[in-house]
Amino acid sequence: MYKPYHVVNALPPAADVFAGTVTTDVINLKNWEHVSFLVQCGAGAVGTSTITVEACDDTTPTNTEAIPFTYQECVSGDTFSEVKQADASGFTTAAAVNKVYKIEVDAQALAKSGCSYVRLKAVEVIDDPVAGGIIALLTGGRYVQEVSDSVLV
């Protein structure tokens with residue numbers, strides 16, 4: 001059975017992907033119920049970043065507001081931590097190689113801010129190159145179709 005989802009290469013892989021302050025593409029959740037940001041970090045055992053999620057009022061974005069979200073971390077194999085709640089100030093990644101973070105945002109959380117757009121923001125805390133990238137996986141499409149419209153506008 002086909003289950004609709006949409007994948008976005010929200011922050012393409014790079015050798016020093018979290019250098020300084022970086023943000024993913026702005027994603028439109030208007031026709032989706034949920035987005036999971038999958039943050040993959042390969043080489044780079046020292047560098048860390050603070051991760052936040054921002055509700056955006058438009059695609060520029062003209063205005064942003066950091067919002068609470070949930071996340072899990074995996075710093076070994078495929079075993080994830082319990083679900084953790086992050087407030088609007090976010091969380092700081094672990095200093096470890098080959099880690100993955102699942103960051104979950106429901107469209108209803110955006111509705112509280114009056115926005116339908118979202119992005120992930122990473123601010124480097126410990127300056128040391130980390131290879132990685134961010135994929136966004138949208139689920140709960142309001143209009144089921146095999147090939148969905150772009151969520152990047």
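The values are calculated or read from the model by the stated rules, or taken from the named source; none is laboratory data. Treat the numbers as computed from the prediction; the structure is a model and nothing was measured. Every residue, glycine as well, gets a Cβ built from its backbone with ideal geometry; the counts of neighbours run over all protein chains shown. Side chains included, ligands, DNA and RNA excluded: accessible areas come from the protein's heavy atoms. Shrake-Rupley method; radii C 1.70, N 1.55, O 1.52, S 1.80 Å.
Side notes on the structure shown:
- One residue from Asp78, Asp87 being exposed (fewer than 12 other Cβ atoms within 10 Å of the Cβ) and touching a Pro at 6+ places or on another chain (Cβ under 6 Å): Asp87
- Residue in the range 91-102 that is in contact with a His (Cβ under 8 Å, 6 or more places away or on another chain), at pLDDT 95 or above, buried (at least 16 other Cβ atoms within 10 Å of the Cβ) and within 15 Å of Leu38 (Cβ to Cβ) present: no
- Residue among Ile27, Ile67, Ile51 that is surrounded by 15 or more Cβ atoms within 10 Å (Cβ to Cβ) and touching a helix residue (DSSP H, G or I) at 6+ places or on another chain (Cβ under 6 Å): Ile67
- Close pairs (6 angstrom Cβ cut-off, 6 or more residues apart or separate chains): of a type in the set (A, V, I, L, M) in the range 96-109, surrounded by 17 or more Cβ atoms within 10 Å (Cβ to Cβ) and not in a strand (DSSP E or B) anywhere: Ala96/Val75; Ala107/Leu29
- Inclusion of Ser36 among residues that are among the polar types (S, T, N, Q), closer than 25 Å to Tyr143 by Cβ, open to solvent by less than 20 Å² (accessible area, probe 1.4 Å) and not in a loop (DSSP other than H, G, I, E, B) is warranted.
Matching residues to (1) modelled with pLDDT of 90 or more; (2) open to solvent by 20 Å² or more (accessible area, probe 1.4 Å); (3) not in a loop (DSSP other than H, G, I, E, B):
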position: Glu104; (1), (2), (3): yes, yes, yes
position: Gln108; (1), (2), (3): no, yes, yes
position: Pro129; (1), (2), (3): yes, yes, no
position: Ile135; (1), (2), (3): yes, yes, yes
position: Tyr143; (1), (2), (3): no, yes, no
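- Selected residue (criterion: farthest from Asp128 (Cα to Cα)) from residues of the range 1-14 that are loosely packed, with under 15 Cβ neighbours inside 10 Å and in contact with a strand residue (DSSP E or B) (Cβ under 9 Å, 6 or more places away or on another chain): Lys3
- Residues located in the range 110-127, provided they are surrounded by 19 or more Cβ atoms within 10 Å (Cβ to Cβ) and touching a helix residue (DSSP H, G or I) at 6+ places or on another chain (Cβ under 8 Å): Tyr117, Val118
- Checking each residue in the range 49-71 for being in a loop (DSSP other than H, G, I, E, B) and either among the polar types (S, T, N, Q) or free of Cβ contacts under 8 Å to residues at least 40 places away in the same chain (or both) picks out Thr59, Thr60, Thr62, Asn63.
- Scope the range 74-84; condition modelled with pLDDT of 95 or more and in a strand (DSSP E or B); matching residues: Lys84
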